[in-house]
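I have placed the structure first, in the form of structure tokens, so that the comments after it can refer back to it.
Taken together, the values in this text are just the output of simple stated rules run on the coordinates, not laboratory data. Please read all numbers here as calculations on a predicted model, not as lab measurements. Don't worry about glycine lacking a Cβ; one is built from the backbone with ideal geometry, like all the others, and counts go over all protein chains shown.
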Amino acid sequence: MSVPGQFSDPRVLTLFAVLAVATGVWLAAGLRARARRIRSLTPMERVWHPQESVPLTPAEELAFGQVVSRLSLTSAGRLR
């Protein structure tokens, strides 16, 4: 079943398809940027684990801090 009139031209159909895909990509990119912006504004909450009843030694705290600093996000939103 073909569309009658001027919309039966393959160039017009291709144009509409390209516009639809571009709109979808633009919306997805905007939503991802918005989510990334919101995520960067809210501080990460510390998650308590049941095994944390034993205090860490200073060496363990230092090692943990070094690992966390390597996993923190840069200004571009990428891992270091």
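A few points about this structure:
- Extension gain for the segment W26 to S8, taken as residue separation times 0.36 nm less the Cα-Cα distance, is 3.8 nm to one decimal.
- Spin-label model, Q66 to S40: label points 7 Å out along the Cα-to-beta-carbon direction sit 2.8 nm apart.
- 3J(HN,Hα) from dihedral phi, the stretch 11-22, Karplus parametrisation 6.51/-1.76/1.60, rounded to Hz, x for glycine, proline: 5, 5, 4, 5, 4, 5, 5, 5, 5, 5, 5, 4
- Between A33 and L15, the modelled labels are 2.7 nm apart [label points 7 Å from Cα along Cα→Cβ].
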